[in-house]
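Take a look at the structure set out below.
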Amino acid sequence: MTPGTDRPSGAVDVSPAVPAVVTLLQSAVERRLGQCVDVRVEAEVRGRRHHLMSTLGAAAPDVRWPRGCTPGPRVVVAQHGTTGVLTSVAVRTHDAVDWSGVTGDVGAAAVVLAGMVADRVALADLRQDIADLTASMRSREVIDQALGVVMARRCCPPDRALEILRVTSQHRNEKISALAARVVASTGGAQPEGSRPFVPRRHT
């Protein structure tokens, strides 16, 4: 059986290595128990939709997946929490079995998968920070150019030019970066690159 996705999730960027870990866990448990099993992994990241992934097939379709960390005669589950991430790994089988020989494997998989998800989330947040910083710098460059235009037209110092831009943006209910882009465009005939209003994204 190969891992697949139960439902689409764009909220949690999961490492491509996660399916391989799930497959290894499934194979190890099946060897120890001598029967087919289903594996489900759920990653809960603070402030985001859950990511749910299970192995394809249905070794025990009549057995409900556990809620929380409650095991049963035909299902076992392990959870591991790390910074902002809670990962649950559940395994179910058609017949009641002695899970004592595989609980260590399931727990270890939960630890590994939680770390992989946490690393992926941290990487995505870092990329977002870099993109926001780049956008902020470009927005600032446009505002500086607009200040120069206002200073030349009004023969005023920088602080006065900035005040003019602020008051005008408030009266027009327009972001100062967007107003600055239009001011610069009015002198050169085209909006400068990166002239869209800067709206920083927040980590959830």
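Values computed for the structure shown
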{"item": "Simple label model, 7 Å out from Cα along Cβ direction - CYS156 to ALA185, nm", "result": "2.3 nm"}
{"item": "Where labels lie 7 Å past Cα in the beta-carbon direction, separation of SER169 and ARG64 in nm", "result": "5.4 nm"}
{"item": "FRET efficiency for ARG127 and LEU24, using Cβ-Cβ distance with R0 set to 30 Å, rounded to 0.05", "result": "0.60"}
{"item": "Linear extension gain, THR83 paired with ARG46, 0.36 nm per residue minus alpha-carbon span", "result": "12.4 nm"}
{"item": "For the range 125-188: relative contact order, % (alpha-carbon pairs under 8 angstrom, 6 or more apart)", "result": "38 percent"}
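No lab work stands behind these numbers, since they all come straight from the coordinates. This structure is a prediction, so every number in the text was calculated from the model and none was measured. All Cβ positions, even for glycine, are placed from backbone atoms using ideal geometry, and neighbour counts span all protein chains on display.
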